[in-house]
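Engineer: Provided herewith is a single structure, encoded as structure tokens, for subsequent inquiry.
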Amino acid sequence: MQDYDALAARIAALTEGERDEVALMATVVCEIHTSDPRSDWTGFYRVTAPELLKIGPYQGGHGCLTIPFTRGVCGAAARTRETQIVPDVDAFPGHIACSSTTRSELVVPVFGAGGRLIGVLDLDSNQPAAFNERDAAELAAILAGVFGDL
């Protein structure tokens, strides 16, 4: 299980005073990816046009470059503005297989000031049912602390 208090403290210290979204995403993704062995791909997809996500900073193998809000787990999180916990990606209708090794996924929407959707944080695991509600809540709180005032 992840030590979220320590992760949140590291991220807060590393991002203090930074206002650039991409720089923040790069730092957050690095800290999450290196601290959580369940995730074999960790990254952000940024809202770059209406109903469109484009890949942002990530760690792991190559990801999909563009995801419309109408497709996949990331699209569902962006479209509904709700976290998606997917214990078995093969059972998720419309799952986009960016990597053949992904078995489960957690996607958390990222909001800026006034509830503006900035993008989504995507964690992919090669283990089934790798993520749970606690992971979702803790990561959402960390993201709100980093991006909530932008």
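The values are calculated or read from the model by the stated rules, or taken from the named source; none is laboratory data. From a predicted model like this one, the values you see are computed outputs, not experimental measurements. Note that each Cβ is placed from the backbone with ideal geometry, even for glycine, and that neighbours are counted across all protein chains shown.
Engineer: Taking only segment 72-90 into account, find how many residues are assigned to a helix (DSSP H, G or I), more than 12 Å from the chain's Cα centre (by Cα), crowded, with 17+ Cβ neighbours inside 10 Å and β-branched (Val, Ile, Thr).
Structural biologist: Residues meeting the conditions: 1.
Engineer: Next up: Just to verify a result, which residue in segment 1-38, among those that are polar (S, T, N, Q) and out of contact with any helix residue (DSSP H, G or I) (no Cβ under 6 Å at 6 or more places or on another chain), is modelled with the lowest pLDDT? Walk me through how you get there before you give the answer.
Structural biologist: Here is the first cut: in segment 1-38, the residues polar (S, T, N, Q) are 2, 15, 27, 34-35.
If we keep only those that are out of contact with any helix residue (DSSP H, G or I) (no Cβ under 6 Å at 6 or more places or on another chain) as well, we get 2, 34.
On the way: Gln2: 81, Thr34: 96.
Only one residue fits best here, namely Gln2.
Engineer: Between a residue in segment 120-139 that is surrounded by 14 or more Cβ atoms within 10 Å (Cβ to Cβ) and any residue that is in a helix (DSSP H, G or I), which pairs come within a Cβ distance under 7 Å, given they are 6 or more apart or on different chains?
Structural biologist: Val120/Cys74; Val120/Ala77; Val120/Ala78; Leu121/Leu139; Leu121/Leu143; Asp122/Cys74; Glu138/Tyr4
Engineer: Suppose we filter segment 1-57 for residues that are part of a strand (DSSP E or B), buried (at least 20 other Cβ atoms within 10 Å of the Cβ) and touching a Pro at 6+ places or on another chain (Cβ under 8 Å); how many remain?
Structural biologist: 3
Engineer: Within segment 127-150, how many residues are over 15 Å from the mean Cα position of the chain (by Cα) and within 16 Å of Val86 (Cβ to Cβ)?
Structural biologist: Matching residues across segment 127-150 total 3.
Engineer: Which one of the conditions (1) among the hydrophobic types (A, V, I, L, M, F, W, C); (2) modelled with pLDDT of 95 or more; (3) part of a loop (DSSP other than H, G, I, E, B); (4) over 13 Å from the mean Cα position of the chain (by Cα) does Ile67 fail to meet, given that it meets all the rest?
Structural biologist: (3)
Engineer: What tally of residues in segment 101-149 results from selecting those that are over 14 Å from Arg46 (Cα atoms) and either modelled with pLDDT under 95 or not aromatic (Phe, Trp, Tyr) (or both)?
Structural biologist: Going through segment 101-149, the residues over 14 Å from Arg46 (Cα atoms) turn out to be 101-106, 113-115, 123-142, 144-146, 148-149.
Of the ones still in play, those that are also either modelled with pLDDT under 95 or not aromatic (Phe, Trp, Tyr) (or both) are 101-106, 113-115, 123-130, 132-142, 144-146, 148-149.
Total meeting the criteria: 33.
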